[in-house]
1. Would you point out the residue of the stretch 9-33, among those that are open to solvent by 50 Å² or more (accessible area, probe 1.4 Å) and not in a helix (DSSP H, G or I), that is modelled with the lowest pLDDT?
2. Would you call V147 within 19 Å of C35 (Cα to Cα), surrounded by 20 or more Cβ atoms within 10 Å (Cβ to Cβ) and under 16 Å from the mean Cα position of the chain (by Cα)?
3. Please identify the pairs in which a residue from the stretch 25-43 that is under 18 Å from V137 (Cβ atoms) has its Cβ atom under 6 Å from the Cβ atom of a residue that is open to solvent by less than 90 Å² (accessible area, probe 1.4 Å) and in a loop (DSSP other than H, G, I, E, B), counting only partners at least 6 apart or on another chain.
4. Let me spell it out: the conditions are (1) without any contact (Cβ under 8 Å) to a residue 60 or more places away in the chain; (2) crowded, with 17+ Cβ neighbours inside 10 Å, and V112 meets all of them except one. Which number is the exception?
5. Which condition breaks for A75 when tested against (1) in contact (Cβ under 8 Å) with a residue 12 or more places away in the chain; (2) open to solvent by less than 70 Å² (accessible area, probe 1.4 Å); (3) not assigned by the TED database to the domain that holds G93?
6. Could you look through the stretch 42-71, keep only residues that are part of a loop (DSSP other than H, G, I, E, B) and within 15 Å of T134 (Cα to Cα), and pick out the one that is most open to solvent (accessible area, probe 1.4 Å)?
7. Kindly establish whether K100 is touching a residue at least 24 places away in the same chain (Cβ under 8 Å), open to solvent by 20 Å² or more (accessible area, probe 1.4 Å) and of a type in the set (D, E, K, R).
8. For the stretch 83-95, does any single residue satisfy the condition of being touching a residue at least 40 places away in the same chain (Cβ under 8 Å) and either of a type in the set (V, I, T) or crowded, with 22+ Cβ neighbours inside 10 Å (or both)?
Amino acid sequence: MNLAAPIYTGPTPGSPEQVTAIIAELRRLYPQAACSLNFSNPLELLIATQLSAQCTDERVNIVTARLFKKYTSVAEFAESSLEELEQDVRSTGFYRNKAKNIRAACQRLIAVYGGDVPQTMQDLLTLPGVARKTANVVLGNAFGIVVGFVVDTHVGRLSRRFGWTTNTDPVKIEQELMLIVPREDWLDLSHLLIFHGRAICDARKPLCEQCTIAHLCPSAFAATPVRSTSGKTIK
């Protein structure tokens with residue numbers, strides 16, 4: 001006789017009780033959680049974040065280790081050969097579009113902002129290749145300004161699994177998270193969710209049996225294999 005799949009009996013998804021408990025446990029699990037991109041100034045973070053689209057942070061860090069030695073100022077990026085810049089960022093994928101946006105963004109930084117990376121969401125969104133995710137990353141990690149929630153693929157996936165949203169659109173997910181997560185946790189929680197997504201909550205094979213917040217996650221009970229009384233795993 002097979003055992004029925006367990007039913008979620010934890011706190012209501014999105015409730016302060018559930019959200020607070022998840023944040024507390026993630027903080028315990030990943031006390032080192034922070035931005036994974038290497039940078040030494042706001043410009044480098046802006047460019048690294050643009051390169052991170054559809055690419056791992058590990059690969060971006062390998063590319064930028066060389067890139068930031070070759071181009072050491074906003075002017076050098078703005079005046080670069082597009083063909084050469086494309087080859088410099090090729091391994092991050094979508095390299096033609098990324099190179100075009102990086103060069104154009106740096107040209108706008110010089111023309112409009114005196115060569116400095118602006119410190120408002122409104123201004124950052126005028127830069128080629130910059131949407132809310134990139135702007136939130138730069139504002140939060142380069143300037144300590146938190147006006148929104150960074151939503152990448154990990155954050156979106158975990159938010160849906162926790163029952164915090166049913167949306168797939170990053171902007172809509174961000175709006176929902178900003179309603180249920182305390183503002184002081186916005187920046188840290190984005191890092192924590194990314195770390196947990198990489199370590200445990202994989203897109204294809206989440207390690208629910210190893211997850212210490214499974215009791216707070218409605219999706220864990222659906223994802224965890226059901227075992228029969230004989231101990232055999234039933235998929």
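The values are calculated or read from the model by the stated rules, or taken from the named source; none is laboratory data. A quick note: this is a predicted structure, and the numbers were derived from the prediction, not measured. When we count neighbours, we look across all protein chains shown, and the Cβ atoms used for this are built from the backbone with ideal geometry, even at glycine. For accessibility, only protein heavy atoms count, side chains too; no ligands or nucleic acids. Shrake-Rupley method; radii C 1.70, N 1.55, O 1.52, S 1.80 Å.
1. For the stretch 9-33, the residue satisfying everything is T9.
2. When the stated conditions are applied, V147 does not pass them.
3. Filtered contacts from the stretch 25-43: P42/V117; L43/V117.
4. Evaluating V112 over (1) without any contact (Cβ under 8 Å) to a residue 60 or more places away in the chain; (2) crowded, with 17+ Cβ neighbours inside 10 Å leaves (2) as the failure.
5. (3)
6. Q54
7. For K100, the condition - touching a residue at least 24 places away in the same chain (Cβ under 8 Å), open to solvent by 20 Å² or more (accessible area, probe 1.4 Å) and of a type in the set (D, E, K, R) - is met.
8. Checked against the condition, which is being touching a residue at least 40 places away in the same chain (Cβ under 8 Å) and either of a type in the set (V, I, T) or crowded, with 22+ Cβ neighbours inside 10 Å (or both), the stretch 83-95 yields at least one hit.
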